[in-house]
1. Could you identify which residue out of Q76, Q58, Q31 has the top mean-square fluctuation in a GNM of the chain using Cα springs shorter than 10 Å?
2. Please report the equivalent ellipsoid semi-axes of the chain, computed as sqrt(5 x eigenvalue) of the Cα gyration tensor, largest first, in whole Å.
3. Of P84, P73, H27, whose Cα points farthest to the positive end of the dipole of the chain (charges on the beta-carbon: +1 Lys, Arg; -1 Asp, Glu; origin at the Cα centre)?
4. If I fit a long axis through the Cα atoms of helix 50-64 and take the longest principal axis of the Cα atoms of the chain, what angle between them do I get, 0 to 90°, rounded to 10?
5. Express the carbon and sulfur contribution to the solvent-accessible surface of the chain as a percent, rounded to the nearest whole number, probe 1.4 angstrom.
6. Given a 1.4 angstrom probe, what's the average accessible area per residue across the chain, in square angstrom?
Amino acid sequence: MATYEYSCNRCGSFDVKLPIGTAPIAHACPQCSNTARRVYSSPATAFTSPAVAGLRKQEEKSWENPTVVTRVPPEQAAPRPAHPALARLPRP
Ligand SMILES: [Zn+2]
């Protein structure tokens with residue numbers, strides 16, 4: 001669904017939600033039933049953080065040129081105890 005904007009000469013502008021690509025040039029005004037013309041405006045796009053934009057760009061790049069891995073990455077060491085007192089406890 002997409003939101004399309006229409007403008008009525010009497011009542012002003014209003015929005016109509018329709019499936020993408022199905023918006024007619026004119027639509028009946030919900031208040032006065034007069035024919036309202038479609039208004040073309042810029043799409044409402046959300047701001048994407050630079051970190052997310054960079055990851056998306058990296059992902060799109062990997063579609064054409066995926067990164068080749070030649071060996072299995074080494075396992076990381078087990079995390080150490082968070083509290084120093086835990087390190088003094090007897091070990092089996
Ligand atoms: Zn109207």
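The values are calculated or read from the model by the stated rules, or taken from the named source; none is laboratory data. In this text the structure is predicted, and so the values were computed from the model without any measurement. Ideal geometry is used to build each Cβ from the backbone, glycine not excepted, and the neighbour counts take in all protein chains shown. Protein only, heavy atoms only, side chains kept; ligands, DNA and RNA dropped before computing areas. Shrake-Rupley method; radii C 1.70, N 1.55, O 1.52, S 1.80 Å.
1. Maximum among the listed residues: Q76.
2. On the way: eigenvalues 696, 100, 23 Å².
So the equivalent ellipsoid measures 59, 22, 11 Å along its semi-axes.
3. Toward the positive end, the furthest listed residue is P84.
4. Helix 50-64 sits at roughly 90 degrees to that axis.
5. Values: 4830 of 8580 Å².
C and S atoms contribute 56 percent here.
6. Numbers: 8580 Å² over 92 residues.
Spelled out: the 1.4 Å probe surface of the chain, per residue, equals 93 Å².
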